[in-house]
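First up is the structure itself, then whatever we jot down about it.
The values are calculated or read from the model by the stated rules, or taken from the named source; none is laboratory data. The model shown is predicted, which means the values in this text are computed figures rather than measured ones. Reconstructed Cβ throughout: ideal geometry from the backbone, glycine too, with neighbour counts over all protein chains shown. For the accessible areas, the whole protein counts, side chains as well, though only heavy atoms, and no ligand, DNA or RNA atoms are used. Shrake-Rupley method; radii C 1.70, N 1.55, O 1.52, S 1.80 Å.
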Amino acid sequence: MSLAPSQYTMNISSNQEGPFKEALGSLPSQGVFQHSLVTYRYHSGQLIKETHSRTYKHNGDYTDSFTSEPIGKGSSV
């Protein structure tokens, strides 16, 4: 038995807690090398790949980084 995709969809306003905000806030760091969040967006007709990353060091410290990579033109359909 499979569930319809709409059963996995939640509409939550930006000022409320939700599964995505909860997941980002509770990401474990022990034993993790890196967490990344990738967003694809259109800006001035250009498709851009934006990556926010947190890379962990052995001592528990971490480095945050951001990259923005133009991919090309495309359809925003």
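Would you check if there is a residue in the range 49-63 being in contact with a helix residue (DSSP H, G or I) (Cβ under 8 Å, 6 or more places away or on another chain) and of a type outside the set (Asp, Glu)? No; the residues of the range 49-63 include none that is in contact with a helix residue (DSSP H, G or I) (Cβ under 8 Å, 6 or more places away or on another chain) and of a type outside the set (Asp, Glu). Show me the strands (runs of 3 or more DSSP E) entirely contained within the range 18-77 in which 1 or more residues are open to solvent by 70 Å² or more (accessible area, probe 1.4 Å) and hydroxyl-bearing (Ser, Thr, Tyr). In the range 18-77, the matching strands (runs of 3 or more DSSP E) lie at 34-43, 62-73.
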